[in-house]
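Below is one structure, written out as structure tokens; comments come after it.
The values are calculated or read from the model by the stated rules, or taken from the named source; none is laboratory data. Quantities reported herein were computed from a predicted structural model and do not represent experimental measurements. A quick note on method: Cβ atoms are made from the backbone with ideal geometry, for glycine too, and the neighbour counts reach across all protein chains shown.
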Protein chains: 2
Amino acid sequence: MSRFTVEVLVTPRPGLLDPQGKAIHHALSSLGYDAVDDVRVGKAIYLEVSAATSQAAAERVEEMCRKLLANPVTEDFRVTAAATGAGS
Amino acid sequence: MSRFTVEVLVTPRPGLLDPQGKAIHHALSSLGYDAVDDVRVGKAIYLEVSAATSQAAAERVEEMCRKLLANPVTEDFRVTAAATGAGS
């Protein structure tokens, strides 16, 4: 078994309201950053996972996303696995 | 000026307490996912920025990170810019 760092990016679906993004957009405008047209805020989740291959680790985490990490009605997610070194 | 989508990943610094990550780790264990050794949760922020080059867009957003988007004491950030097509 090796150990993998799996990155999960959970983002609000296009078209859905994103109040946190709106708030940041507004704050950036107040600070004078006019070149920003839109802001969307999601979650970046990093999991240390033991698995035989990075493929297996990613598949396992995709299952976790569907069950817990993301809301499939309002959010999209993207999973990327990278090795972090030999494990147990 | 072109339009760029700039991705900002804000993560809690290593060693600092991450209660949200702990809660997710605990929930995953309850669901039977024992292969997960650690979970860290940060923010994924996507900004639509008008700029001359992707380099300029990324530099501008790094400035926003230092001023507003990230807390330099407790968080690290990573900025990546990608073109999204011709703008105004």
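For the stretch B:7-25, state whether one or more residues are of a type in the set (Lys, Arg) and in contact with a helix residue (DSSP H, G or I) (Cβ under 6 Å, 6 or more places away or on another chain).
No, the stretch B:7-25 contains no residue that is of a type in the set (Lys, Arg) and in contact with a helix residue (DSSP H, G or I) (Cβ under 6 Å, 6 or more places away or on another chain).
Out of all the residues in the stretch B:65-80, which are touching a residue at least 40 places away in the same chain (Cβ under 8 Å) and within 22 Å of residue A:22 (Cβ to Cβ)?
B:65, B:69, B:70, B:75, B:77, B:79
Within the stretch A:14-33, restricting attention to residues that are at the interface with another protein chain (Cβ under 7 Å from one of its Cβ atoms) and surrounded by fewer than 18 Cβ atoms within 10 Å (Cβ to Cβ), which residue is farthest from the chain's Cα centre (by Cα)?
Ranking the candidates gives A:31 first.
So, in the stretch A:34-63, of the ones that are small (Gly, Ala, Ser) and under 15 Å from the mean Cα position of the chain (by Cα), which residue ends up nearest to residue A:22 (Cα to Cα)?
Going through the qualifying residues, I end up with A:42.
Taking the condition of being within 19 Å of residue A:2 (Cα to Cα) and among the basic types (Lys, Arg), how many residues in the stretch A:54-68 meet it?
Total meeting the criteria: 1.
Please work out if residue A:6 is closer than 28 Å to residue B:14 by Cβ and at pLDDT 95 or above.
yes
Residues B:36, B:49, B:79: which one is within 11 Å of chain A (Cβ to nearest Cβ) and closer than 30 Å to residue A:64 by Cβ?
Every option except B:36 fails the conditions.
Residue B:66 is checked against (1) of a type outside the set (Gly, Ala, Ser); (2) exposed (fewer than 15 other Cβ atoms within 10 Å of the Cβ); (3) under 18 Å from the mean Cα position of the chain (by Cα); (4) under 25 Å from residue A:57 (Cα atoms) and fails just one. What number does that condition carry?
(4)
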